[in-house]
Amino acid sequence: SPEKVNRGFRRAQLVSGGFVAFTHGTNDAQKTMGIIALALVASGHLDEDFSRPPIWVIVSAALAMAAGTYAGGWRIIRTLGTRIAKIDPPQGFAAQTSCATMLWTTAHFGFPVSTTHVISGSVMGAGATRGLHAVRWGVAGNIVTAWIFTIPMAGLVGGGMELITRAPAGDAIVFGLAIAISWTAFVARRWETRRLLPPEALE
C-alpha cells in the first residue's frame, strides 16, 4: 500500500539524506579549503608543494559549512522540497540518492560542481516523473536567474571587502561585518521557522 511504501522510504531517506550531507561537505568544503590554501600560498604562509591544508583550515571550513547550513538551510529545503515540485518519500529518496552519487563521483575525480545545481536538477527530474506539468518551472526559472547573478555579485562583494581592508582597522571592520551578517542570517532563520511552524509546535 502507498502508506507502507512511504513509511519505508521515509526511513530510507535518513540514509540518503546523510549521504547528501556527507557529499555536500566533500564537495563544497573542498572548494573553500582550496581558496584559503591558495591565499596562504600567495602570501607565503604555506609551501607550494603542500600535501594538505593546515588543520585549522579544514576545521574552519567544516564549521562554516555547518553554521551556514543551520542558518540558511531551512529556506533552501523548503524551496526544493515543496515549491519546485511535490515530492513524496520515493521521489525524495531518488533525488537525494542521485544527487549524492553525482557529488561523490565529482569529488572523487576532483571536479568542482555546485551542490545547489545538482540537487535542484535531481528534484526537478524526480518531480518530472509525474509529468512536466508537475514541476513549477517559474520557480525553477527564478533559481536559474539567481545563479546567473550570484557570480558577479559575489565578485563585487569580495572586491568591496578587499577595499575595506585597506582602510585603517579594515580587517577589524570586515570581521565585524561578517559577524553582523551571520547574526542577521541566524535571527532571520529563527524568525522564519517560527512563522512557518504551527502554533502547537512552538509550545
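The values are calculated or read from the model by the stated rules, or taken from the named source; none is laboratory data. Note that this is a predicted model, so its numbers are computed, not measured. Cβ: placed from backbone, ideal geometry, glycine included. Neighbour counts: every protein chain shown. Keep in mind that these areas ignore ligands, DNA and RNA; they rest on the heavy atoms of the full protein, side chains included. Shrake-Rupley method; radii C 1.70, N 1.55, O 1.52, S 1.80 Å.
Filtered by the rule that a residue be within 12 Å of PHE19 (Cα to Cα) and touching a residue at least 40 places away in the same chain (Cβ under 8 Å), the stretch 79-100 gives PHE93, GLN96, THR97, CYS99, ALA100.
Exactly one residue out of VAL139, VAL118, VAL123, VAL174 is at pLDDT below 85 and open to solvent by less than 40 Å² (accessible area, probe 1.4 Å), and it is VAL139. When VAL20 is tested against (1) under 17 Å from HIS117 (Cβ atoms); (2) not in a helix (DSSP H, G or I), just one condition goes unmet, and that condition is (2). Name the residues in the stretch 149-171 that are under 14 Å from THR116 (Cβ atoms) and either surrounded by 10 or more Cβ atoms within 10 Å (Cβ to Cβ) or of a type outside the set (A, V, I, L, M) (or both), would you? Answer for the stretch 149-171, where residues must be under 14 Å from THR116 (Cβ atoms) and either surrounded by 10 or more Cβ atoms within 10 Å (Cβ to Cβ) or of a type outside the set (A, V, I, L, M) (or both): PHE149, THR150, ALA154.
Residue-wise test of (1) open to solvent by less than 60 Å² (accessible area, probe 1.4 Å); (2) more than 22 Å from ARG11 (Cβ to Cβ); (3) at pLDDT below 85.
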| site | (1), (2), (3) |
| --- | --- |
| PRO53 | yes, yes, no |
| GLY68 | yes, yes, yes |
| TRP74 | no, yes, yes |
| ARG83 | no, yes, yes |
| PRO112 | no, yes, yes |
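Screening LEU46 with (1) touching a Ser or Thr at 6+ places or on another chain (Cβ under 7 Å); (2) free of Cβ contacts under 8 Å to residues at least 24 places away in the same chain gives one miss only, at (1). For the stretch 1-19, filtered to residues that are surrounded by 15 or more Cβ atoms within 10 Å (Cβ to Cβ) and modelled with pLDDT of 90 or more, the residue that is farthest from the chain's Cα centre (by Cα) is PHE9. If the condition is being open to solvent by 50 Å² or more (accessible area, probe 1.4 Å) and in contact with a Gly (Cβ under 9 Å, 6 or more places away or on another chain), then the stretch 95-106 contributes SER98, MET102.
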